[in-house]
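Just below is one structure, and these are the notes that go with it.
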Amino acid sequence: MSANQNIVNVVFRNHVIPNEQASRSAGRPIFTDMEVCDLSFPANRQTKATYPAHDAEPNATRESIAAGGGLVTYAQLYNKQYLAFKDGTSQPLSGTPLSEAPFLKEGKRRELKALGVHTVEQLASLDGTPLKQLGMGGRELKNQAQAYLDNAAGSADIVNLAAQVAALTQQLADERRLREEFMQAGVKGDDTATAVAAEPDEKDDDQTADDDEVDEENEDEPTLRPAAVSSPMPSSTTSNISPSKTAPPSHFPARRFPRRRS
């Protein structure tokens, strides 16, 4: 965009122009409204210009085309003022109003506005014949305006740096908090895993204790073993013995029968 955007006074308005062709056709005067842009320069009453609002601004268009863009109209270049004009509101100044300059007194502010100087940027940009229009002390006012802008730029750098430091501090605090939450979650997970892993061991210990008790009970009980069976007698001997006189097996107790009295 044009470098003099902040040092030019811009006013959009409707300009009425006669439409000769339509007037001839209608047999009466016909007028057409055209949106125009009035440009004036601070402390320079000789240089004023009016352009159609939607015509291409030469300097801005040249820069745009060099960068690969297209045409830039006056309405696009001074878009804030144009939008205010369309809304019917006061068209804003581009820059810092003189009312914000602490080195100016109210009387000097009014003098500068009468010369078409409305912003600190315009005052700092004055040189040559426009600067002479300020009279005595004009150079000092220009230097004060430039110093004000330089200090403001330095303050903006400090503010931006402070904002970056604050954002970085907040980011570090958030990362620290997330790391602590992650570590706490990891510790809880380890405790849970340890408790779960310990449960089978306790069950195994209980089972082992039960097995030991069973073994002790089995040791206390006598072990029943089958009695030895004597080998059978030879067939020749067994055949001579009557069944009534056959000795009972050794592993059965002998029964005694009472004798009968004669």
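The values are calculated or read from the model by the stated rules, or taken from the named source; none is laboratory data. Quick caveat: nothing in here was measured; it's all calculated off a predicted structure. No Cβ is skipped: glycine too gets one built from the backbone with ideal geometry, and neighbour counts run over all protein chains shown. Note: accessible area is taken over every heavy atom of the protein model, side chains too, but ligands, DNA and RNA are not part of it. Shrake-Rupley method; radii C 1.70, N 1.55, O 1.52, S 1.80 Å.
Figures for the structure shown
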{"read-out": "N14 paired with A49, simple spin-label distance in nm, labels 7 Å along Cα-to-beta-carbon", "value": "2.6 nm"}
{"read-out": "Length gained when the stretch R24-N79 is fully extended (0.36 nm per residue, less Cα-Cα span)", "value": "16.2 nm"}
{"read-out": "Percentage relative contact order, segment 1-103, counting C-alpha pairs under 8 Å, at least six apart", "value": "26 percent"}
{"read-out": "Surface per residue (accessible, 1.4 Å probe) for segment 1-109, Å²", "value": "63 Å²"}
{"read-out": "Local net charge near F85, Cβ-Cβ under 14 Å (Lys/Arg +1, Asp/Glu -1)", "value": "-1"}
{"read-out": "Nearest-0.05 FRET efficiency for Q184 and A66, computed from C-beta distance (R0 41 Å)", "value": "0.10"}
{"read-out": "Too-long pairs where the Cα-Cα distance tops 29 Å, listed order kept, from K48/K142; K86/K142; K80/K142; K105/K132", "value": "K86/K142"}
{"read-out": "Accessible surface of segment 85-172 [probe 1.4 Å, protein heavy atoms]: carbon and sulfur percent", "value": "55 percent"}
{"read-out": "Estimated FRET transfer efficiency when R0 is 25 angstrom, pair N151-R110 (beta carbons, to 0.05)", "value": "0.55"}
{"read-out": "Accessible area in the full protein assembly, largest first, 1.4 Å probe, for S90, S40", "value": "S90, S40"}
{"read-out": "Candidate residues K132, K113: accessible-area rank, largest first, probe 1.4 Å", "value": "K132, K113"}
